[in-house]
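Structure record follows, encoded as structure tokens.
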Amino acid sequence: MSGSGTDPRRWLRDARRAMARLPSFRMSRVPDAPALPVRDPWPGDPGRGARLLKGELELCGAVRTLKQGGWGDASGPPLLRAAAHSFTWLRDLRALGTDAARLRARALVADWINGSVNDTIAHRPDIVGARITAWLGHYDFFASTADDPFRQRLMARLVSDARSLSAALPSEEIDERALTALKGLIAAAVALPDHAGFLTRALRFLPQEITRQVLPDGCHVERSPAAQLAALQDLTEIRALLQASQTQPPAALTNAIERMAPALRVMRHGDGGLALFNGSKEESGTLIDLVLTQAGRGGRGPSSLVDGGFQRLQAGRSVLIVDCGVPPPAGVDRNAHAGTLSMELSIGRERLIVNCGAFPVGPSEWREAMRATAAHSTLVVSDVNSSELKPDGLGRRPEEVKAQRQEANGAHWLEAHHDGWRKLFGAVHHRSLYMAESGEDIRGEDVVEAPNPQPFTLRFHLHPDVTASLQQDREAVLLRLRTGGGWRLRADGAQMSLEESIYLGGSEPRRSEQVVLTGTPDGPQQVKWAISKVG
């Protein structure tokens, strides 16, 4: 080891990975084909598949060139590079289903195997795990009818990558990505039963990884609906792989799936998509339904996640989801937003009040702007984020976030507060919410408790399909849904205005509006507001 500051665990991991790639460590014969079929259970997008035929990989509204000979390109957003090297996009070519799609898939896999891939992201454990799973999950689609030399190179690379992945465990990434790495090694173990050590090693780390990542109430430790969905996908795939190889799944795996599926339901709006907290997008309601079906847990979810900190108020056709939890801890906060006590409201299958979403493949300044408190439907004190944003996570953050709720005769009350500005201004944000039994009368009060009065801004970001008009007295905004339903937002205690906003919850950025309530130090330190159905 060179230098006293070297982490001995990292050094041992790197040494194991280096040895795993040496020819002398490949003693067993490379099989001609997977011994057991590995099936990718998730649907692809034929539209994206058609773009792949043109050499374009689309993700979250951004595009990366994906052509033969281009694997050495290490420029561009890390998430796009990771997506390219993970090969999960093979399901989009499979969904297209043409011979041209099959041949393009085979050509790109062959080019990757034969080329020099210097991008470090391509060799990260979670990307290796995703790639192994994708190659095996789509083997019948792109490889089974290929010539012998291609299949031999593919199987040899699968064995080599699985050895490297096994040596890399436990993964340095301690968030959801560690589950993807384990899934890849288990997929390799199922397809390559001669390598029994792969399964032994994966099952050694899986239970402890689940315990670390899944909170007692089933919420994922990242407190992100997107991470919740991805983790549940990985865990249901792992269970299916173990069952295919007639291996008894660990109790921790079964229990985690049973807890995570109801927790995911807490995070869904009436349109079936996800709420936009901590780096999430809406995602496909059809996909979420399929994941829940695979998990095997039916029925409604709970009304709150005590450990995860999400509260769901539901009455009539209205669903109000509120982030009432402490931000995720260091190490699992890379996608965390400064959105404590932010809320989203949907009416039936239409979203009314939203957070702005996330732009993980956009320029860094856009990514940071979407993580800011101002991009969320909550209160901001003195234009300062409730959590300090850093490129790899959060710095200063709320240390105390408390919520209490009551229900009676179908109505809901929620009292919450957080101390994210205590160290800077001595300020605490209190938010009270009420939803009537009908779901058509929603009231709130936001209070800044501080020794010295502070300027503040309260924002309600509107979904792009909502049409807003500020009334002449500037004390109310009329909100009209796409299907024509009308709602009125009234407020007292702050100056009301209507401003531009942006929505990044869908497949591409969309212009939208926000209702902004501005309070000054010489005015009230509280705002009372109400959202009620018109007519």
Quiz item: Taking the simple approach of a point 7 Å from Cα along Cα-to-Cβ for both residue 63 and residue 293, what is their distance in nm?
Solution: 3.2 nm
Self-check item: Extended-chain gain in nm, criterion 0.36 nm per residue less alpha-carbon gap, residue 200 and residue 307
Solution: 35.4 nm
Exercise. Give, in whole angstrom and from largest to smallest, the semi-axes √(5λ) of the equivalent ellipsoid of the stretch 310-534, with λ running over the eigenvalues of the Cα gyration tensor.
Key: 25, 21, 18
Practice problem: List the residues of the stretch 411-441 whose backbone N lies under 18 Å from a point placed 7 Å from the Cα of residue 382 along the Cα-to-Cβ direction. | Solution: 418-430
Exercise. Work out from phi, with θ = phi - 60° and the Karplus expression 6.51 cos²θ - 1.76 cosθ + 1.60, the ³J(HN,Hα) of each residue of the stretch 520-525, listed in order in whole Hz, and give x for Gly and Pro.
Key: 10, x, 8, x, x, 9
Practice problem: Using amide H atoms built 1.01 Å from N in the peptide plane, name the residues 5+ places from residue 397, or on other chains, whose amide H lies under 5 Å from its own. | Solution: 388
Quiz item: For 124, 490, what ranking results if the residue with the fewest other Cβ atoms within 10 Å of its Cβ goes first?
Solution: 490, 124
Quiz item: How large is the helix-only mean residue ellipticity at 222 nm for the chain, computed as the sum of -39500 (n - 2.57) over DSSP H runs with n ≥ 4, divided by its residue count, in deg cm²/dmol to the nearest 500?
Solution: -10500 deg cm²/dmol
Quiz item: Which aspartates and glutamates have a Cα lying under 14 Å from the Cα of residue 402, excluding residues fewer than 8 positions away in the same chain?
Solution: 307, 323, 415, 419
Quiz item: Listing 483, 373, 88 from the residue with the fewest other Cβ atoms within 10 Å to the one with the most, what is the order?
Solution: 483, 88, 373
Quiz item: Once you list every other residue whose beta carbon is under 11 Å from the beta carbon of residue 316, what net charge do they have if Lys and Arg are +1 and Asp and Glu are -1?
Solution: -1
Self-check item: Value of Rg/Rh across the stretch 115-211 [Cα atoms, Kirkwood radius]
Solution: 0.98
Exercise. Would you mind ranking 318, 532 by Cβ crowding within 10 Å, fewest neighbours first?
Key: 532, 318
Quiz item: How large is ³J(HN,Hα), in whole Hz, for each residue of the stretch 333-343 in order, when computed from phi with the Karplus curve 6.51 cos²θ - 1.76 cosθ + 1.60 and θ = phi - 60°, using x for Gly and Pro?
Solution: 10, 5, 9, 5, 9, 8, x, 4, 6, 6, 9
Quiz item: Points 7 angstrom from Cα along the Cβ direction at residue 511 and residue 140: gap in nanometres?
Solution: 4.9 nm
Quiz item: Can you give the relative contact order of the stretch 360-498 as a percent, counting alpha carbon pairs under 8 Å and 6+ residues apart?
Solution: 17 percent
Practice problem: Of the options 498, 61, 366, report the single residue whose Cα projects farthest towards the positive end of the charge dipole of the chain (beta-carbon charges: Lys, Arg +1; Asp, Glu -1). | Solution: 61
Practice problem: At a temperature of 4 °C and a viscosity of 1.567 mPa s, determine how fast the stretch 390-491 diffuses translationally according to Stokes-Einstein, using the Kirkwood radius over alpha-carbon pairs as Rh; express D in µm²/s, rounded to the nearest whole number. | Solution: 79 µm²/s
Self-check item: Label-to-label distance, nm, for residues given as residue 116 and residue 29 (7 Å Cα→Cβ offset)
Solution: 3.5 nm
Quiz item: Given 5 Å bins starting at zero, what is the percent of C-alpha pairs of the stretch 30-178 in each, up to the one with the largest pair distance?
Solution: 2, 9, 19, 24, 22, 15, 7, 1
Exercise. List, largest first, the extents of the alpha carbons of the chain along their principal axes, each in whole Å.
Key: 78, 55, 44
Practice problem: Just need the relative contact order of the stretch 30-178 here, percent rounded to a whole number, with Cα pairs under 8 Å and 6+ apart. | Solution: 31 percent
Quiz prompt | Net charge dipole size for the stretch 30-178 [Lys, Arg +1 and Asp, Glu -1 on Cβ; Debye, nearest 20] | solution = 300 debye
Quiz item: Using the alpha-carbon centroid of each, what span in Å lies between the stretch 359-408 and the stretch 274-311?
Solution: 21 Å
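No lab work stands behind these numbers, since they all come straight from the coordinates. As the structure is a computational prediction, the values presented were derived from the model and not from experiment. Glycine gets a Cβ as well: all are built from the backbone with ideal geometry, and neighbour counts include every protein chain shown.
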